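Taken together, the values in this text are just the output of simple stated rules run on the coordinates, not laboratory data. Keep in mind the model is a prediction, meaning the values are calculated, not measured. Cβ placement follows ideal geometry from the backbone for every residue including glycine, while neighbour counts extend to all protein chains displayed.
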Amino acid sequence: MSACEQYGVPHEEIARAAALLRAGRLVAFPTETVYGLGANALDAEAVALIFKVKGRPNTSPIIVHVSSAEMVGEVAAAWPEKARVLAEHFWPGPLTLVVSKTAAVPDIVTAGLTTVGIRMPAHPIALALIDRAQVPIAAPSANPFTHVSPTVAEHVRRSLGNQVDFILDGGPCQVGIESTVLSVVEDLPVLLRPGGVSRQQIEELIGVTAIAEHVPAGGHASPGMHPRHYSPRTRLILVPDGQVPAAGEGAYLQVHQPAAGRVREAIIMPDDPSQYAARLYSALHELDACGYDWIAVETPGPGVEWEAVLDRLRRAADAGA
Ligand code: TXA
Ligand code: MG
């Protein structure tokens, strides 16, 4: 049995999805982080459909997914030593490397930037799909703009179902939050978005990195990083010490501290950052469907290994503020 068949996806489905991508259509597919909404990255019209379906502003660049080093060569104009070292270590995996782009990458993919974010996903279905399509695949998370990213195919069906030409169902995503985005354009790499690979893991390999928020906007601006990303529709609040709101009805995401007030529902979350991340978006999707007045989340951590989870929770909380 092949790796794809183990995920319940027969070869014919990969072939059909790849043919659709080559014909300029949209395919949702699983990666190890979240489900992606894919289009041929070299086809500007196909990529325009992604922006339309997501309701995403065209100022937000899209990550290009590759399945081989040759494909990197098609889209990357430069491949600095640090990119080489990081890719060798973390690819396939949840790390997106931002480098100078080639002319083959249409401007719409990169929101007009001269750089492109590239990653090789660690999921057999994603790799088989890209390999079969024989073109790099531009893919943001397969959710309407600003909503919580999908970690199972059902999330995609519910939010974008009839606007996507095909959905490959590979079951739940193992990492559960998006890839780390790191710019290696300049000598000092800049962390644009924390994610599946931690800053410590990166720094152990290539030394110190800067954090986007600490770098003046300009060449390093990460246009997709505004606060209203990753938010459920229900108001989300981060609470220390279990202090849930007194008014209204809500749910509580607990790590240690039980709710200090009345809640309709509590979900116990893992006290491990990777396991917490793997569970977070599915928990938010479930609770968002309940129509509560609020979702209170016990602030997890402290500790640098919680950086990515805290980033997503803070953005979701700011959105409702
Ligand atoms: O895990 C992931 O990265 C998922 C799966 C599907 O691979 N994709 C994803 O894509 O999260 P999206 O579009 O939701 O987030 C892409 C982010 C943007 O918000 C932006 O911050 C950054 O990547 N990005 C992409 N290209 C960039 C570039 N050229 N310069 C700076 N930032 C870039
Ligand atoms: Mg997204």
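Expressed as a fraction of 2.2 N^0.38 Å, the value expected for a compact globular protein of N residues, the C-alpha radius of gyration of the chain is 0.97.
For each of Cys173, Cys4, count neighbouring Cβ atoms within 10 Å of the residue's Cβ, then give the residues from fewest to most. Display every interim value, and only then the final one.
Values: Cys173 27, Cys4 21.
The order, fewest Cβ neighbours first, is Cys4, Cys173.
Summing +1 for each Lys or Arg and -1 for each Asp or Glu among the other residues whose beta-carbon sits under 10 angstrom from that of Ala251 gives -4.
With a simple spin-label model that places each label point 7 Å from the Cα along the Cα-to-Cβ direction, the separation between Met1 and Thr114 comes to 5.1 nm.
Listed from fewest to most Cβ neighbours within 10 Å, the set Leu253, Leu205 follows the order Leu205, Leu253.
Summarising the strand pairing of the chain, around 40 percent of its internal DSSP beta bridges are antiparallel. Using +1 at the C-beta of Lys and Arg and -1 at the C-beta of Asp and Glu, which of Gly38, Gly291, His256 has the Cα lying farthest in the positive direction of the dipole of the chain? Looking along the dipole axis, the top candidate is Gly291. Once both labels are positioned 7 Å from their Cα atoms along Cα-to-Cβ, the gap between Phe145 and Glu70 label points is 3.7 nm.
If we count other beta carbons within 10 Å of each Cβ, what is the order of Lys52, Lys82, Lys101, fewest first?
Values: Lys52 12, Lys82 20, Lys101 23.
Going from sparsest to densest Cβ surroundings: Lys52, Lys82, Lys101.
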